[in-house]
Amino acid sequence: MEIKVLHQVMEWNEDVSAQVKKTLEENKVCLVNVMGSPGCGKTSFITELISRLREEFSIGVIEGDIAGQIDAERIAALGIPSVQLNTDGACHIEAMSILHILPQFALGGLDLMLVAYIGNLVCPAEFDIGENFRITILSVPEGDDKVKKYPLMFTDTDCLVLNKCDMLPYFDFDLQAVEADYRAVNPEGPLFQASCRTGEGMEALVGHLKSRIRSELARASEEAEAAGTAEAKAAEKA
Ligand SMILES: Nc1nc2c(ncn2[C@@H]2O[C@H](COP(=O)(O)OP(=O)(O)O)[C@@H](O)[C@H]2O)c(=O)[nH]1
Ligand SMILES: [Mg+2]
């Protein structure tokens, strides 16, 4: 029996993600999507990033979870504006949800929006939420076979963080195998070993992210300037 494959939702999502991108660009905000399994350390990682990036960037956080507001509370306790997105059972975030949430922030004053995606290794890779770039976190206790089993999460990402490296002595986790599997699906993607618990590896990782965020913000400024010049020219001609 032939099975119909429908693409409508994805197309609709892409259209809305373009609106998210436009809103972010107009406000010169860089959106970073942090993805990974439940418990891999997304919120811990965001907390680490906040403490290491807040001097340079003004930060907002969208915490995606199926239910509850524990994580948004963790972020708000740091004095960072945060919104909890509850998907009420859905395992992915729609770009439309991000578009609705963005006006909750004073976007004009923000540089960086961090999104903690719903904990999941299957769906997140398939949904473009208008992000500038993606980080996938894989933590040591999850096992070293995850890149092989869920390749899309590691293909469609701009950076892989191996978190909880402080746990390496206690698990049979083959770092070299994970790196080889990652290279097979994402030959150019940077890979960082880190621990949100000990801070190990965070400096190199944060250095990489800082320069990536800076270049995204510089590009948004250039594009806004170019759009302003084009508008001024059009007004001159009129
Ligand atoms: N040992 C260790 N535990 C960590 C590390 N990062 C996070 N955790 C712990 O892992 C658990 C889940 O972290 P959380 O940030 O809530 O994960 P999330 O569900 O992906 O947001 C918490 O108990 C954290 O304290 C790490 O690098 N090492
Ligand atoms: Mg969390």
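Taking segment 88-112, which residues are within 17 Å of the chain's Cα centre (by Cα) and more than 14 Å from Val29 (Cβ to Cβ)? Across segment 88-112, the qualifying residues are Cys91, His92, Ile93, Glu94, Ala95, Met96, Ser97.
Here's the yes/no breakdown for (1) within 16 Å of ligand 1 (Cβ to nearest atom); (2) surrounded by fewer than 15 Cβ atoms within 10 Å (Cβ to Cβ); (3) part of a helix (DSSP H, G or I):
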position	(1), (2), (3)
Arg74	yes, no, yes
Leu78	yes, yes, no
Val83	yes, no, no
Asp88	no, yes, no
Cys91	yes, yes, no
Met96	no, no, yes
Leu114	yes, no, no
Gly130	no, no, no
Ile137	yes, no, no
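Could you say whether any residue in segment 202-212 is within 16 Å of ligand 1 (Cβ to nearest atom), within 25 Å of Leu110 (Cβ to Cβ) and either touching a strand residue (DSSP E or B) at 6+ places or on another chain (Cβ under 6 Å) or among the β-branched types (Val, Ile, Thr) (or both)? Yes, segment 202-212 has at least one match. The residues of segment 47-72 that are within 13 Å of ligand 1 (Cβ to nearest atom), more than 21 Å from Met96 (Cβ to Cβ) and surrounded by fewer than 18 Cβ atoms within 10 Å (Cβ to Cβ), listed by number, are Gly68, Ile70. Please work out if Cys40 is modelled with pLDDT under 90 and either out of contact with any Phe, Trp or Tyr (no Cβ under 7 Å at 6 or more places or on another chain) or loosely packed, with under 15 Cβ neighbours inside 10 Å (or both). In short, no.
So that you can scan it fast, the table gives a plain yes or no per residue for (1) closer than 13 Å to Met35 by Cβ; (2) among the aromatic types (Phe, Trp, Tyr); (3) at pLDDT 95 or above:
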| site | (1), (2), (3) |
| --- | --- |
| Ala125 | yes, no, no |
| Gly143 | no, no, yes |
| Val161 | yes, no, yes |
| Asp174 | no, no, yes |
| Ala177 | no, no, yes |
| Cys196 | no, no, yes |
| Gly199 | no, no, yes |
| Ile213 | no, no, yes |
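Which members of segment 171-190 meet the condition of being under 20 Å from the mean Cα position of the chain (by Cα) and within 17 Å of Ser139 (Cβ to Cβ)? Scanning segment 171-190 gives a single hit, Tyr182. Looking across segment 33-85, the residues that are near ligand 2 (Cβ under 10 Å from one of its atoms), touching a residue at least 40 places away in the same chain (Cβ under 8 Å) and charged (D, E, K, R) come down to Lys42, Glu63, Asp65, Asp71. From the list Leu121, Leu102, the lone residue that is surrounded by fewer than 24 Cβ atoms within 10 Å (Cβ to Cβ) and in a helix (DSSP H, G or I) is Leu102.
Only one of the listed residues (Lys210, Lys164, Lys146) is within 16 Å of ligand 2 (Cβ to nearest atom), of a type outside the set (A, V, I, L, M, F, W, C), surrounded by 14 or more Cβ atoms within 10 Å (Cβ to Cβ) and touching a residue at least 24 places away in the same chain (Cβ under 8 Å). That residue is Lys164.
The values are calculated or read from the model by the stated rules, or taken from the named source; none is laboratory data. Keep in mind that this is a model prediction, so the values were computed, not measured. Glycine gets a Cβ as well: all are built from the backbone with ideal geometry, and neighbour counts include every protein chain shown.
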